[in-house]
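Engineer: Would you mind keeping the following structure in view while I ask a few things?
Any read-out appearing in this document is the output of simple, stated calculations on the displayed coordinates, not a laboratory observation. Quick caveat, the model's predicted, so the values are computed rather than measured. Positions of Cβ are generated from backbone atoms using ideal geometry, with glycine treated the same way; all protein chains shown enter the neighbour counts.
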């Protein structure tokens, strides 16, 4: 058995980014991984503009303004957002009514908000002084022409979509999604809607994996259930070998009918991992043929999810071109005693909360590897290092956040 950290290193060292791209509309790009750096061809803002609704003025005209002794300026014009001002340069003693986002007239070097003024019959009283450049947004203040705006390998989210759109770019080049085959194994496994006989288990793992693959940027392909038969298992994995990643659930432990590792070896897969010192999920199998990755995950539902999160998820992200691969891990104060004599790194389902600005955490309860409700209730995994047998309430433990983006 190898450690979780060593297993992850082997997996990521083996994983190759799939350098194939496609072009998509920016409106459909959320969640996709950017294939090329995006550089700005324009300044944003493109012109100096007003940050407030108010009056464009020469700042020195306001130097002595106060509520007791307001300064009166003559209103000579108005400029709206999106309009061009062609009235010439502003002169001392004048003001130009201006709206947020409107271009700053030549000669003006400050904007006085409406709330600090009083307008009456073509004149405006200003009740306080303003510094030079107050309430002015300068051309290129946000983005300058030539700036790197969004980096290659960024997973496009709402802010990135808005940024790219602000550059007047309507299509982006993104990495093509890896195709991921899913195979369930076991005589006891049945499809949804089948008649459940004694001892049979409805296939939930395939649907968990399907959802996780979509969540982390892959195209899942479900290939069905294969019975505990070497010939059937071999044929099904052969069928799957046209895909980028092949995931099996079940059939990787020490049982009489756990054929997956031997079948993979017979098909030329170089097996690099067969067991990991972790709980749940010890019997994780990993190998490759060239750029194709093979993951044999355990059959218990929680083991499938935890091993996917720790190993398949970062590999899928790397293959997809992403450069952020790690889930956030933070410290939290434990709210209960935990005992663990497994000697392995233990990923316990947990629920964190924030109390008095501090992270606190407790388990979801029973940690059996078949209790999928514990994953549904969890918002984090409590990470207990190897050979830690007892952790007391009040001690700080590491937690891995589940529903937060990678870092």
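Engineer: Expressed as a whole number of Å, what is the distance separating the alpha-carbon centroids of region 137-209 and region 25-97?
Structural biologist: Spelled out, the Cα-based centre of one part sits 39 Å from the other.
Engineer: Of the labelled options [x] 5, 22, 31, 26, 13, 3, 0; [y] 4, 18, 20, 17, 13, 10, 9, 6, 2, 0; [z] 4, 18, 26, 25, 16, 8, 3, 0, 0, which one gives P(r) over Cα pairs in 10 Å bins from 0, in percent as computed for this structure?
Structural biologist: Answer by label: [y].
Engineer: Sticking with this structure for a sec: Using the per-residue mean of other Cβ atoms lying within 10 Å as a proxy for protection, in what order, highest first, do the peptides 376-382, 351-357, 74-80 fall?
Structural biologist: 376-382, 74-80, 351-357
Engineer: Return a whole-number percent for the relative contact order of the chain, with Cα pairs under 8 Å and 6 or more residues apart as the contact set.
Structural biologist: Computed value for the chain: 16 percent relative contact order.
Engineer: Can I ask one more? Which residue fluctuates the most in the chain, going by a Gaussian network model with Cα springs under 10 Å, if the choices are 146, 87, 217?
Structural biologist: For the chain, modelled as a Gaussian network with Cα springs under 10 Å, the answer is 87.
Engineer: Antiparallel DSSP bridges in the chain: what percent, to the nearest 5?
Structural biologist: Working: 58 of 86 bridges.
Of those bridges, close to 65 percent are antiparallel.
Engineer: A further question follows. Taking the number of other C-beta atoms within 10 Å as the exposure measure, put 130, 359 in order starting with the fewest.
Structural biologist: Final ranking by Cβ density, sparse to dense: 359, 130.
Engineer: Classify region 329-401: rounded, prolate or oblate, from the alpha-carbon gyration tensor (a ≥ b ≥ c, eigenvalue square roots; a/c under 1.5 rounded; otherwise prolate if a/b is larger than b/c)? List each step's numbers first, then the result.
Structural biologist: Values: a/c = 1.78, a/b = 1.14, b/c = 1.56.
It is oblate, given that a/c is not under 1.5 and a/b is not larger than b/c.
Engineer: Determine, for each peptide in 307-315, 322-330, the mean count of other beta carbons within 10 angstrom over its residues, then list the peptides with the highest first.
Structural biologist: 307-315, 322-330
Engineer: Another question, then. Only Cα pairs under 8 Å and at least 6 apart count here; give the relative contact order of region 329-401 as a rounded whole percent.
Structural biologist: 49 percent
Engineer: Here's something else I'd like to know. Just for region 243-390, what percent of DSSP beta bridges are antiparallel, to the closest 5?
Structural biologist: Values: 20 of 29 bridges.
Antiparallel bridges: around 70 percent, rounded to the nearest 5.
Engineer: Okay, next question. Describe numerically, in nm with one decimal, the distance between label points set 7 Å from Cα along Cα→Cβ at residue 131 and at residue 265.
Structural biologist: 7.3 nm
Engineer: Where does the chain land at 222 nm, in deg cm²/dmol rounded to the nearest 500, when only DSSP H runs of n ≥ 4 count, each adding -39500 (n - 2.57), divided by all residues?
Structural biologist: For the chain, the value works out to -4500 deg cm²/dmol.
Engineer: Based on the Cβ-Cβ distance from residue 396 to residue 72, what FRET efficiency comes out when R0 is 56 Å, to the nearest 0.05? Please list the in-between numbers first.
Structural biologist: Values: r = 64 Å, r/R0 = 1.13.
It comes to 0.30.
Engineer: Based on the inverse mean of 1/r over its pairs of different Cα atoms, what is the Kirkwood hydrodynamic radius of region 1-133, in Å?
Structural biologist: Final number for the Kirkwood radius of region 1-133 is 18.9 Å.
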